[in-house]
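The values are calculated or read from the model by the stated rules, or taken from the named source; none is laboratory data. Small disclaimer: the values here were computed from a predicted structure and weren't measured. Counting neighbours? That spans all protein chains shown, and the Cβs are built from the backbone with ideal geometry, glycine included. Heavy atoms of the whole protein, side chains included, go into the accessibility calculation; ligands, DNA and RNA do not. Shrake-Rupley method; radii C 1.70, N 1.55, O 1.52, S 1.80 Å.
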Amino acid sequence: MTDHRLSTSARLTQRRLDRRSVLSLGLGFGALLTLSACTPRDSGSLAEGEPVRGGVLTYFEPQTWTLLYPPSVGFYPNGGIMNNISARLLWQDPKTLELHPWLATELPETNADATTYTFTIREGVTYSDGSPLTPENVAKNFDLFGRGDESRTLPVSEQISNYERSEVLDENRVRFHFSAPSPGFAQATSTMNAGLLADSTLDLDAEGFGPGGATQIHTCGPFHITAETIGTKLSVRAREDYDWAPPHLKHQGRAHLDGIDYLTNNEYSVRIGAVLSGQADGVRDVQAPDESRVTEQGLRLYAKATNGINNSINLRFRHDLLSDIDVRRALIAAIDRQEIVDKLFTPNYPLATGLLAKGAMGYVDQSGSWDFDPEKANRLLDQAGWSERNGQGYRVKDGQPLALTVNIALPQPRSNEVQTLIQQHLRRVGVRLSINPGDQSKQTLDALELDTVQIYHSMVARADFDNLRSNYSSINRDVFLNGVDRTDADDDSIDAKIDELLETLAAEPNQEKRQQAAEAVQNYLVDQAYVLPFFEEPQVFAFRRRVHGFATEPVGRPDFYSTWLAGEK
C-alpha cells in the first residue's frame with residue numbers, strides 16, 4: 001500500500017520543524033539529534049521487487065496487549081496482533097471500504113429488512129490447533145460474540161446489534177438471525193473483532209484471553225502465537241499450511257515473513273532509537289515532532305488513516321457544571337483547535353471538519369461549527385451566570401468555581417500535551433481545567449465516574465456507519481455517561497434522543513437512508529455542543545528500508561501478511 005501523503009507531509013513538516021521542536025513536550029528534536037548522530041543513515045534500496053520469503057520482523061508497540069478476545073481488541077496493541085493471527089468471513093478493502101469474500105465463499109445472502117444473513121463457508125480451513133473450520137464452529141463464534149457471556153466476563157461485541165441466534169443449515173452454510181434489522185453485520189464480520197476462534201479457545205474465560213494465556217489462543221489467520229513473555233514480548237510465526245487468503249488479494253498462500261516479534265517498551269526513546277539504529281525493523285506511534293528526523297535518517301514513514309470518529313473531547317452534559325448549553329458552547333468557543341494542530345502535530349493530522357474523518361462512512365462536512373472566539377466564550381459564560389471571579393481569576397457562581405477535569409487518553413497521540421494547551425485556552429476565559437493523573441488502568445476507571453472526569457478525550461475507528469453507535473450509545477462505549485441508573489446524575493439529565501437517533505441508524509437497512517440517519521446523529525451532537533473534534537487521527541509507523549509490502553486494514557492496524565524483508569539488518 002502506498003501512502004500518498006508521505007512526500008508532501010514530510011516536506012511541510014520539515015519547514016515547520018524549528019517551531020515544533022521548541023514547543024515539543026516529548027522526546028523531540030534534541031534526543032533524536034543525539035540518536036541520529038550515533039547511527040548510520042539507512043541507505044537500503046526502496047525499490048520494490050519480487051517478495052523474499054523468510055526472516056522475523058521485530059516490531060515495537062508503546063503499550064503491551066491486554067486482551068485477545070476478539071470483541072475487545074479495539075485497543076491498538078490488541079488489534080495489531082489479532083489482525084495478523086485471525087481470519088474472518090469477509091474482507092474489507094482498506095481503500096474502497098468494499099466488502100469481499102474471505103472464509104465465506106461469497107457475500108452473504110440477506111433478506112430485505114436485514115434480519116437474516118446466510119454465509120457459505122469455505123472448505124479446507126483449519127485452526128492452529130489442527131481443528132477444522134465448520135459451520136458449527138462459525139455459529140459458536142458468533143453466538144458468543146453476539147450474546148457475550150457474563151459468567152466468563154466476556155462482553156457482547158459492540159459491532160453486532162440485535163443478535164438473536166445462529167442456525168446451521170447444512171455442511172457448508174450457516175444463517176444468523178436478528179431480532180431487529182442489523183445492517184452493519186456484514187461489515188462487522190470483516191473486522192478483527194470478529195476474528196474466528198477454534199472451539200477450544202471459545203471455551204476460555206476473560207483471564208484465559210489475557211496475558212499469560214496467549215499460546216492457548218488458536219486462530220486461522222496467516223500467523224499463530226508461539227511464545228509469550230508477559231509484558232514485553234509476543235512471538236507469532238507463519239502458518240506453513242495457510243492457503244485461504246482473501247481471493248481478492250494478489251498474494252496467496254503462506255505469509256512471506258517467517259514471523260513477527262511484538263516488543264513492548266514504554267520508553268519512547270528506546271523504541272524509536274531501536275528502529276533508528278537498526279536493532280528493530282519497525283515501530284508504531286512515531287511522535288509528530290520526530291517525523292522529519294525519521295525520514296532524514298532514511299527510514300520509511302507511514303501515516304495511515306483510521307477512517308473513524310475524530311480525536312475529540314466529549315462534554316458530559318449530565319454533570320451540573322456542563323448541563324447549561326451556553327457553558328458548553330462557551331468552552332468550545334474558547335478552544336483554539338488550529339493552534340493545537342499547528343503546535344503539536346504535522347499535516348499528517350488534518351484539522352477535523354466533522355465528527356467523522358473524511359474517509360469514514362457517514363461523514364458530513366460540519367466546517368464552521370467550532371470557530372475560535374474567546375469574546376463569545378466570555379459573553380456566554382457571563383450570560384450563564386458565571387460572571388464573578390475568585391482571587392485566582394477563575395469564574396465562580398454561588399461560591400462554586402467553574403472547575404472541570406479531563407482524562408488523559410494514553411492510546412491517543414500527545415493527549416497530555418493537547419490537554420495542556422486546552423488548559424491554557426480555558427484559563428484565559430476563567431475556566432479551570434485539571435488533567436486527571438495516572439496510568440491506563442487509573443484513566444479507564446476514573447473515566448467511568450462523572451464526578452471525576454467531566455470532559456472525556458477519546459477517538460474510535462470502525463469503517464462502518466455503526467461507528468457512531470459504538471462510540472456514543474449508552475449501551476456501548478457511552479462516552480457521555482448517558483446510561484440509566486447512575487448514582488452521580490439525575491435521571492432527568494439523560495438525553496434520550498441520542499440513543500433514539502443511534503438506534504434509528506443501527507436499524508436502517510437502506511444505504512442512502514443510513515447516510516441520512518448518520519448525518520442526523522452528528523448534527524444533533526453538534527447542535528447540542530456535546531463534542532469538539534480536533535483532528536483526523538492517523539496511525540504513524542516507521543520501518544527500516546528493508547521492510548517491504550507493509551499495509552494496514554481499514555482503520556490503521558498493521559497487516560503483515562504481504563510484508564517481506566530484503567537483505568540483512
(request) Quickly work out the Asp143-to-Ala227 label distance, labels modelled 7 Å from Cα along the C-beta direction, and quote it in nm with one decimal. (result) 3.8 nm
(request) Let me have the 222 nm mean residue ellipticity of the chain computed from DSSP H runs of 4+ only, each contributing -39500 (n - 2.57), with the sum over all residues rounded to the nearest 500. (result) -8000 deg cm²/dmol
(request) Would you mind working out the accessible area per residue for segment 366-522, using a 1.4 Å probe, and quoting it in Å²? (result) 45 Å²
(message) At 0.36 nm per residue, and after removing the present C-alpha to C-alpha distance, how many nm does the segment from Glu106 to Leu249 gain when stretched out fully?
(response) 50.0 nm
(request) Determine the shape class of segment 140-252: with a ≥ b ≥ c the square roots of the Cα gyration tensor eigenvalues, call it rounded for a/c under 1.5, and otherwise prolate if a/b is greater than b/c, oblate otherwise. (result) oblate
(request) Within segment 449-472, find all residues whose amide N lies under 18 Å from a label point positioned 7 Å from the Cα of Glu98 along Cα-to-beta-carbon. (result) 463-464
(request) Quote the Stokes-Einstein diffusion coefficient, in whole µm² s⁻¹, for segment 502-569, based on the Kirkwood radius over alpha carbon pairs, a temperature of 4 °C and a viscosity of 1.567 mPa s. (result) 81 µm²/s
(request) Could you do me a favour and compute the accessible area per residue for segment 253-320, 1.4 Å probe, result in Å²? (result) 22 Å²
(request) Give me the distance in nm between label points sitting 7 Å out from Cα along the Cα-to-Cβ direction at Asp258 and Phe75, one decimal. (result) 3.1 nm
(message) Not counting ligands, DNA or RNA, and with a 1.4 Å probe, what is Arg254's accessible surface area in Å² rounded to the nearest 10?
(response) 20 Å²
(request) For segment 394-529, divide the Cα radius of gyration by the Kirkwood radius and give the resulting Rg/Rh value with two decimals. (result) 1.00
(request) Determine ³J(HN,Hα), in whole Hz, for all residues of segment 483-488 in sequence, where each value follows from phi through the Karplus function 6.51 cos²θ - 1.76 cosθ + 1.60 and θ = phi - 60°; x replaces Gly and Pro. (result) x, 7, 6, 7, 8, 9
(message) Could you give each residue of segment 68-78 its phi-based ³J(HN,Hα) in whole Hz, using Karplus coefficients 6.51, -1.76, 1.60 with θ = phi - 60°, and x for Gly or Pro?
(response) 10, 7, x, x, 10, 9, x, 4, 4, x, 5
(request) Could you give the C-alpha radius of gyration of the chain expressed as a fraction of 2.2 N^0.38 Å, taking N as the number of residues it contains? (result) 0.98
(request) State the extension gain, in nm to one decimal, for the chain segment bounded by Asp488 and Glu164, taking 0.36 nm per residue of separation less the distance between their alpha-carbons. (result) 113.3 nm
(request) Pull up all non-local amide H partners of Glu164: gap of 5 or more, or a different chain, and H-to-H distance under 5 Å with H placed in the peptide plane. (result) His177, Phe178, Ser179
(message) With a 1.4 Å probe and all protein chains left in place, how much of the accessible area of the chain comes from carbon and sulfur atoms, in whole percent?
(response) 47 percent
(request) Run the numbers on the chain and let me know its relative contact order in percent, using alpha-carbon pairs under 8 Å that are six or more apart. (result) 21 percent
(request) Could you run the Karplus curve 6.51 cos²θ - 1.76 cosθ + 1.60 with θ = phi - 60° over segment 267-278 and give me ³J(HN,Hα) per residue in whole Hz, x for Gly and Pro? (result) 8, 4, 4, 5, 5, 5, x, 5, 6, 4, 8, x
(message) Beyond a 30 Å Cα-Cα separation, which of these cross-linked pairs lie in this structure: Lys304/Lys376; Lys343/Lys497; Lys376/Lys497; Lys140/Lys304; Lys140/Lys497; Lys250/Lys343?
(response) Lys304/Lys376; Lys343/Lys497; Lys140/Lys304; Lys140/Lys497; Lys250/Lys343
